[in-house]
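Chemist: Have a look at the structure that comes next, please.
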Amino acid sequence: MKLLMLRGHVPQDRSPDEIKYRRIDEVDDIYELLAYYLGDEGCEILYEGGSREVSYSDKCACRWVPSMKKHELPWKPDVIFIRGAFDFYKPMLKRYPDATKIYYGAGKNWLPENAGHYKIVLVDSLRQKELAAAKNVFNTLIWKKPVAPMFKYQERDRMYDLCFVAAIPDDARKNVKWVYETCPSYYKVLQLGFQPKNFIIPPNFKIRHLLRSDMPRAMNKCRLGIVPYTKDDSGPRAMVEMMACGLDVVCLKSVQHCMPIKSYDEDLFWQIADRKLHSFDESVSKTRSETIGFQNSPQTIASFVRDAIWA
């Protein structure tokens, strides 16, 4: 298929230099990887803002364009993958009315307006699928989020008990306030992300802001991952990335996901963390990493989405 991936803005919450990949084997953005494997006859990945072009192959290019409205594609797309709900997508979508359209919004925009205009609306959980059905939207498909190949098991000293990913800790979806107020002080916690602006950091927390390429090494220094996010943080990528590194995770029931793990209420969360830490097994981590790395690889997820498109 010839695929157009509408990827959103050039990053505004971090340095755009962090996603200036030169080759496909450097790419850690899961949507670029997904587009690369879906667009076997042609692949165009578009970001709004800036001016940059790189070819990942003779069939796949990633472009930063000043305006999607004015950008001309080299061919007519068979499929358009829409990542997020941005108004600047609309001219491109109108230009290709016959293209098959797939939507993935996540967060508060997980269910788009005029959902019937899309062949597939990807959702992160059975709960979202049921909520969509209650609104007479039946073209939803539960999917597993792909994980970049760099997230895998590494043999490292387990210096920390817990890994907590909160790139922007002041974002209420990350539930940082609850974590800081309830996390037992005897845990040694590595928190990956920016320094919080509005919270006092507990003394047992270490905050590190890393390039994504350095995150697998940091995750592998931990024994357990925690996923304490709110219902508005849909399909958190950090969950899959920690599991691909071999970590077991403890997840709040509020989190929208479809991974094969049990979720817990707040009153049980830290008890379960204690139990999982006491049963930590390095060999199990290796097996988990291999399993998730295959099941959630961009190639596997691309095959799943391709089958759904042509069904």
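Chemist: Where the convex hull is taken over the Cα atoms of the chain, what is its projected area averaged over directions, in nm²? Please report the intermediate quantities before stating the final value.
Modeler: Numbers: hull surface 63.3 nm².
Approximately 15.8 nm², given one-decimal rounding.
Chemist: Starting from the Cα gyration tensor of segment 164-260, take the square roots of the eigenvalues, sort them a ≥ b ≥ c, and report rounded, prolate or oblate (rounded when a/c is under 1.5, otherwise prolate if a/b is larger than b/c, else oblate).
Modeler: rounded
Chemist: Quick check: convex hull over the Cα atoms of segment 225-289, volume per residue in Å³, rounded to an integer?
Modeler: Once divided by residue count, the hull of segment 225-289 is 67 Å³.
Chemist: Could you sort the peptides 59-70, 237-248 by per-residue average Cβ neighbour count (10 Å cutoff), highest mean leading?
Modeler: 237-248, 59-70
Chemist: While we're on this one: Could you tell me which chymotrypsin sites (Phe, Trp or Tyr not before Pro) in segment 176-264 are loop residues by DSSP with no more than 10 other beta carbons within 10 angstrom of their beta carbon?
Modeler: Those satisfying the criteria are Y186.
Chemist: Shifting gears a bit: Please give the peptides 72-85, 140-153 ranked by average Cβ packing (other Cβ atoms within 10 Å per residue), highest first, as a rough proxy for protection.
Modeler: 140-153, 72-85
Chemist: Taking a cut-off of 21 Å between Cα atoms, list the lysines near K144, but don't count ones fewer than 8 places away on the same chain.
Modeler: Counting by Cα, and skipping residues close in sequence, K144 has these lysines nearby: K101, K108, K119, K129, K152, K174, K231, K253, K262, K286.
Each value in this text was obtained by applying a stated rule to the coordinates, not by laboratory testing. It should be emphasised that the depicted structure is a prediction, and the values quoted were computed from it without experimental measurement. All Cβ positions, glycine included, derive from the backbone under ideal geometry; neighbour counts span all protein chains shown.
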